[in-house]
Every structure is written in structure tokens, then in C-alpha cells.
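Below: one structure, written as C-alpha cells.
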Amino acid sequence: MHQTLDLKVLYFGTPVVIISSRNPDGTTNLAPMSSAWWLGSTCVLGLGDSAQTAANLRRERECVLNLVPSTLVDAVDRLALTTGAPQPSPRKLAMGYRHVPDKFAAAGLDPMPSELVAPDRIAQCPIQLECEISGAFPIGGPEPFATAFTAEVRRAHVEPDLIIPGTQHVDPVAWDPLIMKFCEFFGGGDNVHPSRLAAGWQMPHHRSLTPAL
């Protein structure tokens, strides 16, 4: 028998993507997210309108989608409650967000130049997709709170050990993406790391995990 619930977080999650976007001062902002879906060479990205990344995508119309393996969960968690916005919204401040201008340093990641777009790629991510933003659609009825951006993949970079030899295909056995479901991190089917984001959302934990500082 099913139980009727007023779900507090209706967020099933998808594989984690770190979006590289260009700030107004020309630096690269990094933002982890897990509300992306794909069809052909088009990706749909769901972003809250208060995010610096949303502003950057509207202005610059380009980004890099860095696909994250489960082994980079610690770096993603270090980015989870950071924002590139100089003045975070009251809601984000209440959740524990803080302004961080250098996201690469905060996460312990290294930049590498892109070939077709301005934002840097993340060297440690084995799959990097340079994209052009082709559309932006408000979400949330008469008072939108988020935007669905469509991103067209213009160039894909993949580490050789993830490519099936002699093909143009990623090996799904070799690729172990980091998954976020209901604000918790999973890889290979296991809960792999405590989540700052879950703490910010005041999500109950089934395990006694405390996010590292």
C-alpha cells in the first residue's frame, strides 16, 4: 500500500555536472548541478534564477558541461554551498551558502583552456562538453523561480580510457558517473560521501555521516 506524502524535496536528481560559465570579470565560475537531461546533442539544464550561473548563461550564451566521475565527489561537495554571486540571496545565506570568487581553488580542481568557448574546462573531469546556449524557458508558473536552458554540444572531449576502442562511443562499463538523488551522493550504487547540500536542505540522513569541513 502506498502512503500519501507532502514531499519536502521533490528532487530525484541526475548524474552530476559541473557547469563552467564566464563571470562578468572574465573569470570562470563553477557550479555543480544534477538537474540535466539529454536528447541527441541537446542538453536541458534546470537552474534557479538566483544562481550566478543562470545570469552568466543568459549573458554569455555558452558554457562547458564537465561530467563528474564518482571519484570526484569530495571536490563536488566542497562546491555545494558556494556561490559566485557577490551578494547571495537571503534564502541561500540561511542555508549556509557563501560567496567564493575562485571556485577552482575552493574545489581543488585545475582549469584548462576550452577550444570553442570562453569558460575553462575542468582538467580532472574525463568528459567535457563545450556548449552554446540556444534557449531559456521560465519555470514556475506566473512567478518563475527557475529557468530551463537548452545547451547545444559543439565539441566533446573524452579521456581515451573511456572510449570503446575503434569507435566514437563512451564505454558505459568504464564510466562511473557521480549521481545525486534526493541531495545525497551515490556512485556504483553506494552512498559514497556525506553531502553539505543535504545538510543545507535539512534532509534527514539514514547514516551517521557528518560533512567534512
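The values are calculated or read from the model by the stated rules, or taken from the named source; none is laboratory data. Values in this document were obtained by computation on a predicted structure and should not be read as measured data. Backbone-built Cβ (ideal geometry, glycine too); neighbour counts: all protein chains shown. SASA here: full protein model, heavy atoms, side chains in, ligands and nucleic acids out. Shrake-Rupley method; radii C 1.70, N 1.55, O 1.52, S 1.80 Å.
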How long are the semi-axes of the equivalent ellipsoid of the chain, taking √(5λ) for every eigenvalue λ of the Cα gyration tensor, in whole Å from largest down? 25, 22, 18
Which of the peptides 95-106, 119-130 is most tightly packed, and how do the rest follow, going by the mean number of other Cβ atoms within 10 Å of each residue? 119-130, 95-106
Accessible area per residue in Å² at 1.4 Å probe, computed on the chain: 54 Å²
Whenever you get a sec, compute what percent of the accessible area on the chain sits on carbon and sulfur atoms (1.4 Å probe). 58 percent
Between residue 112 and residue 152, how many nm apart are label points set 7 Å from Cα along the C-beta direction? 2.6 nm
How much mean residue ellipticity at 222 nm does the chain get from its helices, if each DSSP H run of length 4 or more adds -39500 (n - 2.57) and you divide by all residues, to the nearest 500 deg cm²/dmol? -3500 deg cm²/dmol
Could you bin all the Cα-Cα distances of region 92-175 into 10 Å bins starting at 0 and give me the percent of pairs in each, rounded to whole numbers? 14, 27, 36, 19, 4, 0
Estimated FRET transfer efficiency when R0 is 30 angstrom, pair residue 42-residue 7 (beta carbons, to 0.05): 0.55
